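Engineer: If you scroll down you'll find the structure; I have some questions about it.
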Amino acid sequence: MTSESKKMSPAAFVSNIVATALFFPALIMLLAGNWRWVEGWILAIWLVVMILFNSSYLYWRDPALLAERTKLPGSENQKPWDKYLMILIFAIAALWLVVLPLDAGRFHWSPAFPLWLKILGGIALIPALYLIERATIENTYLSAMVRIQSERKQRVISTGPYAFVRHPLYLGCLLLMLGAPLLVGSAYGLVISLIGSILLVVRIVGEERMLADELEGYAEYQKRVKYRLIPPIW
């Protein structure tokens, strides 16, 4: 099947764009119970921009990757352990998105965060957005599943952010998980982010093992690019 035949219909694409633009502001503000919550609007707009950019880029420039990223967990040759880990990560992400506005916007379970800490969280979202979008543009094999895409002749990507860190998408997600709770002022969100970060590390370890064993050239790439997630720490 060609990439063109996999392409989402224009009607479905427009529907997804509209739904995304409405969903995140509505969800965050309704849960917060305060439509004037500035930090909530910043987070909602960030999420909308990130998803709409990715969706638009994939729709127009890389429909094969769009088709890959919309496959359900457990399809193709996804590693069995990753199917369950992926579902757990999605569940943690959903919990995180619900807790942030409930905590910081409605119930104020957490103590007030100082302004400088909120600003630091907002700043962290800038490189997070860059890394997530750049990884999507640079790596046409950026599947949501841990698997080797032999049918697409997968190869090692070592350009762009992949030249200094082996998993720039995960680094962007890590900055998001830390930055957003700091921005809105949610200690409970930070606890959930810590759990999510641990799951991310577990996934990276398993994914790297698969890539080194099954993807030609990846072992050499590991020698050239030393850091998996956080230069110069790990």
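Engineer: Cβ under 15 Å from GLY121's Cβ, GLY121 left aside: what net charge do those residues give with Lys, Arg +1 and Asp, Glu -1?
Structural biologist: -1
Engineer: Over the range 98-214, what percent of the accessible surface lies on carbon and sulfur atoms, probe 1.4 Å? Numbers along the way, then the final one.
Structural biologist: Details: 3560 of 5100 Å².
Result for the range 98-214: 70 percent of the exposed heavy-atom area is carbon or sulfur.
Engineer: Work out, step by step, the length gained on full extension between ALA67 and LEU120: first 0.36 nm times the residue separation, then minus their alpha carbon distance; give nm to one decimal.
Structural biologist: Working: separation 53, 0.36 × 53 = 19.08 nm, distance 3.58 nm.
Gain in length upon complete extension: 15.5 nm.
Engineer: Shifting gears a bit: Could you give P(r) for the range 140-234, binned at 5 Å from zero, as whole percent values over all Cα-Cα pairs?
Structural biologist: 2, 12, 21, 22, 17, 11, 7, 4, 1, 0
Engineer: Also, quick follow-up: Given a 1.4 Å probe and heavy atoms of the protein chains only, how would you sort VAL202, VAL156, largest accessible area at the top?
Structural biologist: VAL202, VAL156
Engineer: Right, next: Can you pull a Stokes-Einstein diffusion coefficient for the range 23-155 at 4 °C (1.567 mPa s), Rh from Kirkwood over Cα pairs, as a whole number of µm²/s?
Structural biologist: For the chosen part, D equals 76 µm²/s.
Engineer: Taking the Cα centre of the chain as the origin, how large is its charge dipole in debye, to the nearest 20, when only Lys and Arg (+1) and Asp and Glu (-1) carry charge on their Cβ atoms?
Structural biologist: So the dipole magnitude of the chain works out to roughly 100 debye.
Engineer: Shifting gears a bit: Where the convex hull is taken over the Cα atoms of the range 94-181, what is its projected area averaged over directions, in nm²?
Structural biologist: Taking the Cα atoms of the range 94-181, their convex hull projects to 7.1 nm² on average.
Engineer: Given a 1.4 angstrom probe, what's the average accessible area per residue across the chain, in square angstrom?
Structural biologist: 52 Å²
Engineer: Got the relative contact order for the range 98-181 handy, in percent, Cα pairs under 8 Å and 6 or more residues apart?
Structural biologist: 43 percent
Engineer: Give me the accessible area of THR136, 1.4 Å probe, in Å² rounded to the nearest 10.
Structural biologist: My reading of the accessible area for THR136 is about 10 Å².
Engineer: Whole-Å semi-axes of the chain's equivalent ellipsoid, largest first, each the root of 5 times a Cα gyration tensor eigenvalue? Write out the running numbers ahead of the final one.
Structural biologist: Values: eigenvalues 190, 97, 49 Å².
That gives 31, 22, 16 Å for the three semi-axes.
Engineer: Right, next: For VAL202 and ARG155, calculate 0.36 nm times their separation in residues minus their Cα-Cα distance, and state this gained length in nm to one decimal. Don't skip to the answer; put the middle values down first.
Structural biologist: Details: separation 47, 0.36 × 47 = 16.92 nm, distance 2.29 nm.
Gain in length upon complete extension: 14.6 nm.
Engineer: Against the empirical 2.2 N^0.38 Å scaling, what ratio does the C-alpha Rg of the range 1-84 come to?
Structural biologist: On the way: Rg = 16.1 Å, N = 84, 2.2 N^0.38 = 11.8 Å.
Against the compact-globule rule of thumb, the ratio is 1.36.
Engineer: Right, next: If I stretch the segment between VAL98 and GLN222 completely, what's the gain in nm (0.36 nm per residue apart, minus their alpha carbon distance), one decimal?
Structural biologist: Values: separation 124, 0.36 × 124 = 44.64 nm, distance 3.70 nm.
Working it through step by step, the gained length comes to 40.9 nm.
Engineer: Taking R0 as 22 Å, what's the FRET efficiency between LEU194 and GLU214 from their Cβ-Cβ distance, rounded to 0.05?
Structural biologist: Numbers: r = 31 Å, r/R0 = 1.40.
Efficiency, rounded to the nearest 0.05: 0.10.
Engineer: Using a Förster distance of 35 Å, how high is the FRET efficiency between ALA11 and LYS83, based on the Cβ-Cβ distance and rounded to 0.05?
Structural biologist: Once rounded, the FRET efficiency stands at 0.70.
Engineer: A further question on this structure: Between TRP41 and PHE107, with labels modelled 7 Å along Cα→Cβ, what's the label distance in nm to one decimal, could you check?
Structural biologist: 2.6 nm
Engineer: Still on this structure, I have one more. Count of lysine pairs in the chain with Cα atoms under 17 Å apart, counting only pairs 8 or more residues apart in sequence or on different chains?
Structural biologist: On the way: LYS6/LYS71; LYS7/LYS71; LYS71/LYS79; LYS71/LYS83.
Within the chain, the lysine pair count is 4.
The values are calculated or read from the model by the stated rules, or taken from the named source; none is laboratory data. Keep in mind that this is a model prediction, so the values were computed, not measured. Reconstructed Cβ throughout: ideal geometry from the backbone, glycine too, with neighbour counts over all protein chains shown. Ligands, DNA and RNA are excluded from the accessible area calculation, which covers all protein heavy atoms including side chains. Shrake-Rupley method; radii C 1.70, N 1.55, O 1.52, S 1.80 Å.
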